[in-house]
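Down below is the structure, laid out as C-alpha cells.
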Amino acid sequence: MSHKLQQTQDMLAKHHRDGEAFVQLMKDTYTGRFNEDFWALWNTHIVPILSESPVILDLGTGPGTFLRDVHERHPEARAIGVECAEYMLEAASNLPEGCDIITADLHDPHLALADNSVDAVVASVVLHEMHQPVRTLQEMQRCLKPGGIFYIMDWVRAPLAQYLANSELAAFDRQTPENALEDLFIHFIEHNRFSIDDLAFMLENTGFCVLEKTLLKEGRMARLVAEKK
Ligand SMILES: C[S@@+](CC[C@H](N)C(=O)[O-])C[C@H]1O[C@@H](n2cnc3c(N)ncnc32)[C@H](O)[C@@H]1O
C-alpha cells in the first residue's frame with residue numbers, strides 16, 4: 001500500500017472515530033440525504049440526460065447504499081462506487097451484479113474509466129473529508145460526458161454557535177474532558193472547510209457550469225448541481 005493511501009486511511013479513521021459505528025451511522029442516515037428532494041432533483045436534472053446503458057459514479061460511496069438504490073431504480077445502469085476506507089470497503093462487499101467498487105484515494109484519482117464515459121456523478125458528504133478536492137473535480141471533468149451531471153451535497157462553513165447547537169457535547173462546561181473538546185474543535189474545522197461559493201468556484205474552474213446551488217440545514221449544508229461544459 002502506498003504511503004499516501006495509508007495517510008488518507010489514518011486521517012479518515014480519525015475523522016470517522018469508530019469505523020464500524022460510522023458504517024452503521026451512514027446506513028441509518030442514508031434516507032435523510034437521499035430523500036424525496038434528492039430524488040425529485042434526480043428526476044429533474046439527471047434522468048433526462050441518462051443514456052440507454054448509463055454509468056453512474058458515487059464518490060466516497062461508504063457502505064454502497066446509494067449504489068444498491070440507484071441500481072434498483074435503473075437496472076440498466078452500471079453503478080460504480082469509489083472508496084478507500086477499509087471498513088467501508090468491507091461493508092460495500094456483496095453488491096448486486098451491475099454495481100462495482102473502485103478502491104482509490106480521491107486526493108489524486110486515476111480511475112480506469114474512459115474519457116467522456118460517465119453519465120452522472122454523486123458526491124454525498126465526501127469532499128469535506130479531503131485535504132483538497134481539486135484532483136477529484138478534474139478527474140470527474142475527464143470522465144463525465146459533455147452535458148453529464150455532477151451532484152454534490154456537503155457540510156459547508158457555518159458559525160461556531162450553530163455548529164455547537166447541533167453537538168451533544170457541553171463545550172463550555174468545565175467538566176467536559178479536554179480530549180472531547182479537542183475532538184469537537186477538530187471536527188468543527190473539518191466540517192467547515194468550504195463555503196457553498198467555494199464549491200461553486202472550484203467547479204467553475206474545473207470545467208463545470210453550476211446549474212443550481214442551495215443551502216440546507218440552516219446553512220450548514222450545501223447542495224450543488226453542475227453540468228460538464
Ligand atoms: C460521510 S461518508 C458518506 C458516505 C456516502 N456517500 C453517503 O452519503 O451515505 C464519506 C465517505 O467518503 C469516503 N472518503 C473520504 N475521503 C476519501 C478519499 N480521499 N478517497 C476515497 N474515499 C474517501 C469515506 O471513507 C466515507 O466512506
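Taking all Cα pairs closer than 8 Å and separated by 6 or more residues, the relative contact order of the chain comes to 17 percent. Bridging of residue 145 to lysines at a Cα separation below 19 Å is possible for 228, 229, once same-chain residues fewer than 8 apart are set aside. Coupling constants for the range 70-75 follow from the phi torsions by the Karplus curve (6.51 cos²θ - 1.76 cosθ + 1.60, θ = phi - 60°), and in residue order they are 5, 5, 5, 6, 10, x Hz; glycine and proline get x. Working note: Karplus 6.51/-1.76/1.60 with θ = phi - 60° gives the range 221-229 the couplings 10, 10, 10, 10, 10, 10, 10, 5, 5 Hz, where Gly and Pro are set to x. Using only side-chain charges placed at the Cβ, +1 for Lys and Arg and -1 for Asp and Glu, the dipole size of the chain relative to its Cα centre rounds to 520 debye. The phi torsions of the range 10-25, fed into the Karplus equation with coefficients 6.51, -1.76 and 1.60 and a -60° offset, translate into couplings of 5, 5, 5, 4, 5, 5, 7, 6, 10, x, 5, 5, 6, 4, 5, 4 Hz, rounded to whole numbers, with Gly and Pro shown as x. Amide H contacts of residue 221: 156, 216, each under 5 Å away and 5 or more positions distant or on a separate chain (H built 1.01 Å from N in the peptide plane; Pro and chain starts excluded).
Just from its helices, what would the mean residue ellipticity at 222 nm be for the chain, if runs of 4 or more DSSP H residues each count -39500 (n - 2.57) and the sum is divided by every residue, rounded to the nearest 500 deg cm²/dmol?
Values: 10 runs with 88 residues, N = 229.
Only helices count here, giving -10500 deg cm²/dmol.
Our summary of shape: the Cα atoms of the range 32-80 have principal axis extents of 27, 22, 17 Å, ordered from largest down, in whole angstrom.
So what's Rg/Rh here for the chain, counting alpha carbon atoms and using the Kirkwood radius for Rh? Show your work: numbers first, answer last.
On the way: Rg = 17.6 Å, Rh = 18.3 Å.
When Rh is taken as the Kirkwood radius, the ratio is 0.96.
Annotation: amide H-H contacts under 5 Å for residue 57 (H modelled 1.01 Å from N, sequence separation of 5 or more, or interchain): 80, 120, 121, 122. In summary, the lysines within cross-link reach of residue 4, defined as a Cα separation below 19 angstrom excluding same-chain residues under 8 places away, comprise 14. Cα convex hull, the range 1-127: 112 Å³ per residue, rounded to a whole number.
None of the figures in this text is laboratory data; all of them are computed from the coordinates on show. These numbers come from a predicted model, not from an experiment. Cβ atoms come from the backbone with ideal geometry, glycine included; neighbour counts cover every protein chain shown.
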